[in-house]
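Report on the structure given below.
The values are calculated or read from the model by the stated rules, or taken from the named source; none is laboratory data. Everything numeric in this text was worked out from a predicted model, so none of it was measured. Virtual Cβ from ideal backbone geometry, glycine too; neighbours counted across all protein chains shown.
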Amino acid sequence: MIEIIKKIRDSYLIHVKWKKYKIGKNFHAGRNVVLWAKSQIEIGNNFYIGRNSQIECNAIIGDNVIIANNVAFVGKYDHNYQQIGVPIRLSSSVRDNDYIWKETDQKIIIEDDVWIGYGAIIMSGVTIKEGTIIAAGSIVTKDTESYSIYGGCPAKKITQRFTNEKDLEEHLNIVNQLK
């Protein structure tokens, strides 16, 4: 019964609440997830986003991506903090229809087979390459390398995802056969 309720809820989110975004098959969002973008959110197949997570900027997300609880995708220039004579709270923001400040076309790109850990923050303009893992609590401010593990504030490469090249090749062969 619970699975049926989840499917109905996910269908409502895809086809009603977030219908302006492109969302692939086998999508699931936990409780209290927020999706908002000025112009574009595209999500691939087999996607999971945990409770209390937020995507609040333009984003393109690949297939087989898992986002843990309390993760945030954040725009770098959501408020025009350089408006002379205007307190930041009153400055123009990305949600304004006429907002044209810095880099309004920036987006986050998450490639296929990515896992973003609990409480991570991903800043706009970043690409997380295929197969990458982002450790819990990390703040990602720069692009990553494929099949690597990143962590920290700001996030830095910790190690490769697979211990050797043979394991990576085997993984890629199997994954490519499933496509």
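Numbers for the structure displayed
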read-out	value
Index of the failed condition, VAL175 passing every other in (1) farther than 17 Å from GLY75 by Cα; (2) at pLDDT 95 or above; (3) among the β-branched types (Val, Ile, Thr)	(2)
Residue ID - modelled with the lowest pLDDT, chosen from residues in the range 102-149 that are within 19 Å of ILE49 (Cα to Cα) and of a type in the set (Ser, Thr, Tyr)	SER124
Filtered residues of the range 96-118 (kept if among the small types (Gly, Ala, Ser) and surrounded by fewer than 18 Cβ atoms within 10 Å (Cβ to Cβ))	none
Every residue from the range 94-111 that is of a type outside the set (Lys, Arg) and part of a loop (DSSP other than H, G, I, E, B)	VAL94, ASP96, ASN97, ASP98, TYR99, ILE100, TRP101, GLU103, THR104, ASP105, GLN106, GLU111
Single unsatisfied condition, TYR118 versus (1) within 20 Å of ASN70 (Cα to Cα); (2) outside any loop (DSSP other than H, G, I, E, B)	(2)
Within the range 40-79, strands (runs of 3 or more DSSP E) holding 1 or more residues that are without any contact (Cβ under 8 Å) to a residue 60 or more places away in the chain and under 25 Å from ASN97 (Cα atoms)	41-43, 59-61, 72-74
Qualifying residues in the range 69-85 (those that are closer than 8 Å to SER53 by Cα and more than 10 Å from the chain's Cα centre (by Cα)) - the one surrounded by the most Cβ atoms within 10 Å (Cβ to Cβ)	ASN70
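To keep it simple, each residue is scored yes or no on (1) in contact (Cβ under 8 Å) with a residue 40 or more places away in the chain; (2) not in a loop (DSSP other than H, G, I, E, B).
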position: ASP113; (1), (2): yes, no
position: GLU130; (1), (2): yes, no
position: GLY137; (1), (2): no, no
position: LYS157; (1), (2): no, yes
position: PHE162; (1), (2): no, no
position: GLU170; (1), (2): no, yes
position: VAL175; (1), (2): yes, yes
